[in-house]
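Note sheet for the following structure.
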Amino acid sequence: MRVKTVLKSVLGLCRAVVISAWELQERGEATRPVLVVTIRTKVGRRGRCGRCGAPAPWFDRGDGERRWRHVDVGYVTCELVAVAPRVSCADHGVTVAEVPWARHDTAFSRAFEDLVVHDAIVGSKQAAAQRYSISWRAVNNACVRLATEALGRVDLLDGLVAVAIDEVKYKKGHKYLTVVCDHFTGRVVWAVKGRSKDSVGAFFAALGDERAARLRFVSADGAEWIRTVVAEKAPDAVVCLDTFHVIGWATGALDEVRREEWNTLRRAGAGAAAKQFKGLRWLLLRNWENLSAKQKSVIRGLGKANRRAFRAWQLKEELRDIFAMPLLAARRALDDWLAYASRSQLAPFVKLARTIRHYRASIEATIEWKLTNGIAESNNASIGRIRANARGFHDADAFITMIMLDRGGLGPELPWVAA
């Protein structure tokens, strides 16, 4: 009795499980020994459907014994053996009864699946498959099973107030996913294949009209396929334009001016000056506060050497400063910036001024509420790690499953933590 009690603790089995016998089997020199543990549920336990968990009357003792791969014990592989009786469920008919040590329709114990999926999340499915000597497909099925189970317990779309919508690449050839993150929790709450109005519309369809009406903030980049649908489905939500993208537009305009000036010097035969000017690219794009004293002196000297490039750099830095101002001061500064950019005779910044006028309401909302797409970009970086660890995904649904397990917070705890 003492050995069985210790073995039960070692295997992490719950109180509802009784160990009947155990045996250590040698299955050849090429394979590890197998610890076979025969178990059963306590007598008098009520039957429950293995699919839905609802109470159901017993039907029969099933087709005999079944085996489940359990967490390894040291150098030994462990298998649980038990009779799998059946119940008669009102919804699912005659089906295998629920057992406390395993999920329905799987050859692995609950603890083993949790461990495998955990390793697949922090590493990759292939690494987990090699580690536990199972097939890649078995790992993939376990990931899908755990994600489906978790989504059946929790509704990630419930209680959303502020969301960030962005796209992330999952495959070559302009294959993208649309990803929605919760600003308050930082988690991914929804993802779908594609980046279009239909993709964003599918999110609002899953959210429902009532919950969409409770949305207060939506942050995104300047993509019209996002803004158009948000304006239609959640007209009361404040749309914030991501700061990073606005500054990215400014740095792009600055680099375009720099290339124009470089080409002008090249055509004029000033090869040395053109080469030196070309080397200023990264210096001009860096933030002023990140420059060294020597680099700052180079920027100051540019005011005399090339007025157009210096004017473009000033416009970029002034736009950055506006996002750090209080709302009223930022509005006045933005008026001045737009007027200056429109008269700058720099075609890229004249075009940028028109773009900013178009998105001005969203830019002012960003300055007021300080909501950016930073949380989405952070999740996108982690999603990129998932893609890199897996060496890419052929199937978007498999990628979405791993995203929800990792970045959606649906991943399982390690078995000993849960126990």
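Of the residues making up the stretch 316-374, those that are open to solvent by 30 Å² or more (accessible area, probe 1.4 Å), under 13 Å from Val246 (Cα atoms) and β-branched (Val, Ile, Thr) are Thr355, Thr372.
Each residue in the stretch 163-188 was checked for being open to solvent by less than 80 Å² (accessible area, probe 1.4 Å), touching a residue at least 24 places away in the same chain (Cβ under 8 Å) and assigned to a loop (DSSP other than H, G, I, E, B), and 2 pass. Scanning the stretch 401-415 for residues that are touching a strand residue (DSSP E or B) at 6+ places or on another chain (Cβ under 9 Å) and outside any loop (DSSP other than H, G, I, E, B) yields Ile403, Met404, Asp406, Pro415.
Among the residues making up the stretch 367-400, those that are of a type in the set (D, E, K, R), outside any helix (DSSP H, G or I) and farther than 14 Å from Ser124 by Cα are Lys370, Asp395. Across the stretch 306-315, the qualifying residues are those that are in contact (Cβ under 8 Å) with a residue 24 or more places away in the chain and assigned to a helix (DSSP H, G or I), and the one among them that is surrounded by the most Cβ atoms within 10 Å (Cβ to Cβ) is Ala312. Counting the residues of the stretch 183-225 that are out of contact with any Asp or Glu (no Cβ under 7 Å at 6 or more places or on another chain), under 18 Å from Cys240 (Cβ atoms) and among the acidic types (Asp, Glu) gives 1.
Screening the candidates Ala84, Ala90 for the property of being open to solvent by 50 Å² or more (accessible area, probe 1.4 Å) and of a type outside the set (Lys, Arg) yields one hit, Ala90.
If I filter the stretch 350-361 for residues that are assigned to a loop (DSSP other than H, G, I, E, B) and of a type outside the set (Asp, Glu), do I get at least one hit? Yes, the stretch 350-361 has at least one match.
The values are calculated or read from the model by the stated rules, or taken from the named source; none is laboratory data. This one's a predicted model, so the numbers in the text were calculated from it and none came from an experiment. We place every Cβ from the backbone using ideal geometry, glycine too, and count neighbours over all the protein chains shown. Heavy atoms of the whole protein, side chains included, go into the accessibility calculation; ligands, DNA and RNA do not. Shrake-Rupley method; radii C 1.70, N 1.55, O 1.52, S 1.80 Å.
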